[in-house]
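Shown next, in structure tokens, is the structure this report addresses.
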Amino acid sequence: MAASPAADGTVAKALEVLDLVAAHARPVRFSDLLSQSPYPKATLYRLLQTLVAQGMLSHDPVSGCYSMGMRLVRLAHVAWQQSSLAPIARPHLDRLSDHVGETVHLAQLDNAQVLYVDKRNARDPVQMFSQAGKVGPAYCTGVGKAMLAFTPDAQLPGLLAQQSWHAFTGNTLTTPESFMAEIAVIRARGYAFDDEEHEPGIICIALPILSAGGQVLGALSVTSTTARTSLGDLEKLAPVIGEIAQTVATEAENWRFPEDSPPRTRKRA
């Protein structure tokens, strides 16, 4: 039986509350949630109690704080295994990391933003924004630009409308018009750069991970600093990054859509 509109509304509200708790990245009190929630006090309390009862949230009676529940952690782990490129890409990220010695990122698009699903630190680690599981802007990161550039034209306006266009540095592209001009360049050469557009001193080269049909599955990047390399040096890595991106794409398609693979011939006894 199809769910009623009211049921859909309740689920949507509960998911919004989960997002609200998650956004704090730490245990959070009811009063803090109430100050940011669009729901009345009684509604918010009821939603929180339901989520706690279902194991999606945990409540500490001593501190009065809410945090992510173990059921949600288990579901997230399964989602990571089934939907993320990370399990497939892991050995290939290791190989790329060993080869380049710099920071390697694997990312996917999540609601028009970048979700870093895996990362390998450089031999000489660099402090930077990105961490596995963290969400970042798409319009001013190498992986984000690579994925947006190869998104179908029909979908692109909706994704660009969700960007903040905040100027993180003096190099950040801050308008859809300037970004579209950049997209034309990225499409022509096949890869994107982050030229200190999100963080001062941080540069990278990024390539999209594309299916055989051209669908954007994710992106792969190599990141360094202006203190020890240049965009020209990073550009020399494009062929090896591209080869690994293609390998990840092929393995991802074979894993996600096994029915499209040719049937195996059974050996005769």
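Please treat every number below as a calculation from the coordinates, not as lab data. If you're wondering where the values come from, they're calculated on a predicted model, not measured in any experiment. Note: ideal-geometry Cβ built from the backbone for every residue, glycine included; neighbour counts use all protein chains shown.
Report the gain in length on full extension from Thr250 to Ala12: 0.36 nm times residue separation, minus Cα-Cα distance, nm rounded to one decimal. Spell out each step's value before the answer.
Values: separation 238, 0.36 × 238 = 85.68 nm, distance 3.49 nm.
Gain on stretching Thr250 to Ala12: 82.2 nm.
For helix 5-23, what angle does its Cα long axis make with the longest principal axis of the chain, in degrees from 0 to 90 and rounded to 10?
For 5-23 against the chain, the angle is about 70 degrees.
How big is the charge dipole of segment 5-73 about its Cα centre, in debye rounded to the nearest 20, if each Lys and Arg gets +1 on its Cβ and each Asp and Glu gets -1 on its Cβ?
120
What's the percent breakdown of Cα-Cα distances in the chain across 5 Å bins, shortest bin first?
1, 5, 11, 14, 14, 13, 13, 11, 8, 5, 2, 1, 0, 0
Could you derive backbone 3J(HN,Hα) for segment 55-72 from the dihedral phi with the Karplus parameters 6.51, -1.76 and 1.60 (θ = phi - 60°), listing whole Hz in sequence and x where the residue is Gly or Pro?
x, 7, 10, 10, 10, 9, x, 6, 8, x, 9, 10, 8, 4, x, 5, 4, 5
Only four residue types carry charge here, +1 at the Cβ of Lys and Arg and -1 at the Cβ of Asp and Glu. Report the dipole size of the chain about the Cα centre in Debye, rounded to the nearest 20. Intermediate values should be presented prior to the final figure.
On the way: 23 positive and 26 negative charges, 225 e Å.
With only Lys, Arg, Asp and Glu charged at Cβ, the dipole is about 1080 debye.
If amide H atoms are built 1.01 Å from N in the plane of the peptide, which residues on other chains or at least 5 residues away come under 5 Å of the amide H of Thr103?
Ala122, Thr223
Can you check what the net charge comes to around Lys145, using other residues whose Cβ is under 14 Å from the Cβ of Lys145 (Lys, Arg +1; Asp, Glu -1)?
Within the 14 Å Cβ shell, the charges total -3.
In sequence order, what are the phi-derived ³J(HN,Hα) couplings for segment 129-141 according to the Karplus relation 6.51 cos²θ - 1.76 cosθ + 1.60 with θ = phi - 60°, rounded to whole Hz, with x for glycine and proline?
Values per residue, Gly and Pro as x: 4, 5, 8, 4, x, 8, 9, x, x, 8, 6, 10, 10 Hz.
For the charge dipole of the chain, defined by +1 on Lys and Arg C-beta atoms and -1 on Asp and Glu C-beta atoms about the Cα centroid, which residue among Ala238, Val216, Val143 has the Cα displaced farthest towards the positive pole?
Of the options given, the answer is Val216.
Quick one: if the Förster radius is 45 Å, what FRET efficiency do Leu231 and Ala42 give, using the C-beta to C-beta distance and rounding to 0.05?
That pair, Leu231 with Ala42, gives E of 0.25.
Can you grab the distance from the C-alpha centre of segment 18-48 to the C-alpha centre of segment 111-134, Å, no decimals?
28
Compute the distance from the alpha-carbon center of segment 189-212 to that of segment 224-246, in whole Å.
Spelled out, the Cα-based centre of one part sits 9 Å from the other.
Find how much the distance from Ser211 to Gln155 grows on full extension, using 0.36 nm per residue of separation minus their present alpha carbon separation; answer in nm with one decimal. Mind dumping the intermediate values first?
Details: separation 56, 0.36 × 56 = 20.16 nm, distance 1.68 nm.
Stretched fully, the Ser211-Gln155 segment lengthens by 18.5 nm.
In whole Hz, what ³J(HN,Hα) sequence does segment 175-180 give by Karplus (6.51, -1.76, 1.60; θ = phi - 60°), x for Gly and Pro?
Running phi through 6.51 cos²θ - 1.76 cosθ + 1.60 with θ = phi - 60° gives 9, x, 5, 5, 5, 4 Hz.
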